[in-house]
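Below is one structure; the comments refer to it alone.
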Amino acid sequence: MSVKKTLGLPAGKLIAIAGLAGLLAGGAAIYVKESLSGNATGAVASADPAACPLAAARAEAITPFSKGQVAAMRTVDEHRPLPELVFDGPDGKKKTIADFAGKTLLVNLWATWCVPCREEMPALNALEKDLGSDRFEVVAINIDTGDDEKPKTFLDETKVHELAYYRDASMGVFNTLKKEGLAFGLPVTLLMDDKGCLISAMNGPAAWDSEDAKALINAALAVPKS
């Protein structure tokens with residue numbers, strides 16, 4: 001599937017947008033509206049390197065694969081577990097990243113009012129269809145406020161059915177990541193290892209159905225477990 005068909009943007013332009021989004025920390029208005037609502041706590045948790053002893057090595061191993069369509073995915077300065085991110089699962093029950101222990105995760109925040117997010121969702125759906133397993137999952141969390149009608153209608157219309165329906169109508173997950181210095185706008189995507197440790201992050205869209213994206217995820221899965 002070509003980038004132009006999936007995301008409606010030429011590859012070069014898409015990469016430029018994604019890279020620019022990752023650099024412009026103050027430019028959140030491009031992708032997201034501000035919100036002070038949500039379940040985020042006021043304090044930012046301090047990094048604990050001892051909690052993620054293998055994360056730096058994992059990040060180093062996959063760095064060569066952050067190129068092409070996923071060139072904007074960059075390793076973070078501090079590899080650590082994140083503060084608790086609380087969101088609703090498909091059954092409506094609360095979930096956290098800890099519930100996915102043992103899986104490498106690509107966590108993505110999206111909303112129906114975010115045009116790049118809408119264009120990116122079919123690509124994330126294709127990535128989950130190709131690589132989703134008991135070792136890897138795309139965890140796409142919708143942060144529309146209000147009820148489920150708009151996001152569910154969008155997913156049905158675009159035939160995005162491989163992704164489990166995760167939801168945070170409070171925008172608390174976004175606000176927590178913003179306080180952590182990880183979310184400058186939407187979409188935002190995090191790569192987390194099977195221990196729940198943050199490896200790398202990206203602000204802006206990417207062609208997640210591309211060979212570059214699949215090579216990145218396969219590299220992350222190839223890193224030996226502890």
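The values are calculated or read from the model by the stated rules, or taken from the named source; none is laboratory data. In this text the structure is predicted, and so the values were computed from the model without any measurement. Here the Cβ is made from the backbone with ideal geometry for all residues, glycine too, and neighbour counts use every protein chain on show. Side chains are part of the model used for accessible areas, which takes the heavy atoms of the whole protein and leaves out ligands, DNA and RNA. Shrake-Rupley method; radii C 1.70, N 1.55, O 1.52, S 1.80 Å.
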Item to check | Residue count, the stretch 93-103 (criterion: touching a residue at least 40 places away in the same chain (Cβ under 8 Å), assigned to a loop (DSSP other than H, G, I, E, B) and surrounded by fewer than 17 Cβ atoms within 10 Å (Cβ to Cβ)) | outcome: 2
Item to check | In the stretch 112-128, residue farthest from VAL70 (Cα to Cα) [restricted to those that are open to solvent by less than 30 Å² (accessible area, probe 1.4 Å) and in contact with a helix residue (DSSP H, G or I) (Cβ under 7 Å, 6 or more places away or on another chain)] | outcome: THR112
Item to check | First in the stretch 54-66 and more than 13 Å from GLY196 (Cα to Cα), second anywhere and open to solvent by 20 Å² or more (accessible area, probe 1.4 Å) and at pLDDT below 90, Cβ under 6 Å, 6 or more apart | outcome: ALA61/VAL223
Item to check | Filter result for the condition that a residue is touching a helix residue (DSSP H, G or I) at 6+ places or on another chain (Cβ under 7 Å) and of a type outside the set (Ser, Thr, Tyr), over LEU177, LEU182, LEU163 | outcome: LEU163
Item to check | Matching residues in the stretch 181-193 - criterion: being surrounded by 21 or more Cβ atoms within 10 Å (Cβ to Cβ) and either assigned to a loop (DSSP other than H, G, I, E, B) or without any contact (Cβ under 8 Å) to a residue 24 or more places away in the chain (or both) | outcome: ALA183, PHE184, GLY185, LEU186, PRO187, ASP193
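Do we have any residue at all in the stretch 208-224 that's open to solvent by 20 Å² or more (accessible area, probe 1.4 Å) and assigned to a loop (DSSP other than H, G, I, E, B)?
Looking for residues that are open to solvent by 20 Å² or more (accessible area, probe 1.4 Å) and assigned to a loop (DSSP other than H, G, I, E, B), one finds at least one in the stretch 208-224, hence yes.
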Next on the checklist: Name the single residue that is surrounded by the most Cβ atoms within 10 Å (Cβ to Cβ) among those in the stretch 65-84 being in a loop (DSSP other than H, G, I, E, B) and at pLDDT 95 or above.
Outcome noted: MET73
Item to check | Residue pairs meeting the criteria (Cβ under 6 Å; at least 6 apart or on separate chains; first under 15 Å from GLY146 (Cα atoms), in the stretch 169-180; second open to solvent by less than 10 Å² (accessible area, probe 1.4 Å)) | outcome: MET171/ILE143
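Residue-by-condition table, conditions (1) open to solvent by 70 Å² or more (accessible area, probe 1.4 Å); (2) at negative phi; (3) not in a helix (DSSP H, G or I):
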| residue | (1), (2), (3) |
| --- | --- |
| ASP91 | yes, yes, yes |
| LEU105 | no, yes, yes |
| ASP130 | yes, yes, no |
| ASP134 | yes, yes, yes |
| GLU137 | no, yes, yes |
Item to check | the stretch 139-153, subset open to solvent by less than 10 Å² (accessible area, probe 1.4 Å) and not aliphatic (A, V, I, L, M), residue farthest from LEU177 (Cα to Cα) | outcome: PRO151
Next on the checklist: Of the conditions (1) under 13 Å from the mean Cα position of the chain (by Cα); (2) on the phi > 0 side of the Ramachandran plot, GLY146 satisfies every one except a single condition; which number is it?
Outcome noted: (1)
Next on the checklist: Which residue is farthest from the chain's Cα centre (by Cα), if the candidates are limited to the stretch 194-205 and must be open to solvent by less than 10 Å² (accessible area, probe 1.4 Å), closer than 22 Å to ALA51 by Cα and not polar (S, T, N, Q)?
Outcome noted: CYS197
